[in-house]
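Read the figures in this text as sums done on the coordinates, not as results from a lab. None of these values were measured; they are calculated from a predicted model. FYI the Cβ positions are ideal-geometry reconstructions off the backbone, even for glycines, and counts take in every protein chain you see.
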Amino acid sequence: MPFYPAFLNLSGKECLVVGGGRLALHKAESLVLSGARVTVVAPRVHPGFRRWGEVRVLQRAFRPGDLAGRPWLVVASTDDEALHARVAALCRRRRIWVNVVDRPPLCDFIVPSVVRRGPVTFAVSTGGLSPAVAKFLGAELRALFGPEVGRLAAVLKGLRAELLRVPIRARRKLLEGLVTRRWLERLSAKPSKATADFRAAARRRMKKIGRKRAKS
């Protein structure tokens, strides 16, 4: 079954995690880091949950009433397959998005392998076919791209207002010449100097485009 790739804005949204083990902890952490308001329900919970004061923990078995407040999404991560099927069915009935870990047929959405580099996020998915392959590809991306990718995105964000004044076709060509492996290598080797040099190079090119437009 093909899944539609998307990034969700969970800031301030209620999310429920059913399960209290290590994997459930990882899922809850990811939700908290995305700005969600997280509730965890499980009879036993991993000690790591104590690190997250933002997480509300209900140390008991899941109840259908836990869905009464209509959380924006639910993640089920336990070793109880019957509970997984029950949670998925209840969520579908209430039109609540549900993810059941390692059970794509029960999922409305799946969570990719994620690599973050500052404001840049890489997401790799095999559509639930092989989490091991997604994990391997994520590790390859971590090795291939370091903090310099985030630095490049950040410096371009700082130039955004100036770049938007450049006609779209010229802007595309300008960016194709700037967003290169060469600049990534320079930003990795000497971040401060390369950032200043990148800004200067971008502004020189923008001025050149401006002069050409003035003559035409």
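Between Arg172 and Glu54, the FRET efficiency estimated from the beta carbon spacing at R0 = 41 angstrom works out to 0.50. Taking a straight line from the alpha carbon of Lys135, these lysines sit under 16 Å away, with near neighbours fewer than eight places off in the same chain left out: Lys27. Straight-line reach only, C-alpha to C-alpha below 12 angstrom: list the aspartates and glutamates that Lys13 could link to, leaving out same-chain residues fewer than 8 apart. Here the aspartates and glutamates satisfying the reach criterion relative to Lys13 do not exist. Of the residues Val149, Ile110, Leu16, the one whose Cα sits farthest toward the positive end of the charge dipole of the chain, with +1 on the Cβ of Lys and Arg and -1 on the Cβ of Asp and Glu, is Val149. Measuring r between the beta carbons of Leu159 and Asn9 and using R0 = 25 Å, the FRET efficiency lands at 0.50. So what's the gap between the Cα centers of the range 112-154 and the range 1-67, to the nearest angstrom? Cα centres, the range 112-154 to the range 1-67: 22 Å. Taking 17 Å as the cut-off, the amide N atoms of the range 155-175 that come nearer than this to a point 7 Å along the Cα-to-beta-carbon line of Arg204 belong to 174-175.
The Cβ shell under 11 Å around Leu25 holds other residues with a net charge of +3, Lys and Arg each +1, Asp and Glu each -1. Bridging of Lys193 to lysines at a Cα separation below 23 Å is possible for Lys157, Lys207, Lys208, once same-chain residues fewer than 8 apart are set aside. Remark: Asp79, Asp108 ranked as Asp79, Asp108, counting other beta-carbon atoms within 10 Å and listing the fewest first.
For the range 14-110, the spread of Cα positions along the three principal axes, ordered from largest to smallest, is 33, 25, 24 Å.
Remark: the chain carries a charge dipole of roughly 1940 debye about the Cα centre, counting +1 on each Lys and Arg Cβ and -1 on each Asp and Glu Cβ. Sorted from greatest to least, the principal axis extents spanned by the alpha carbons of the chain come out as 72, 35, 33 Å.
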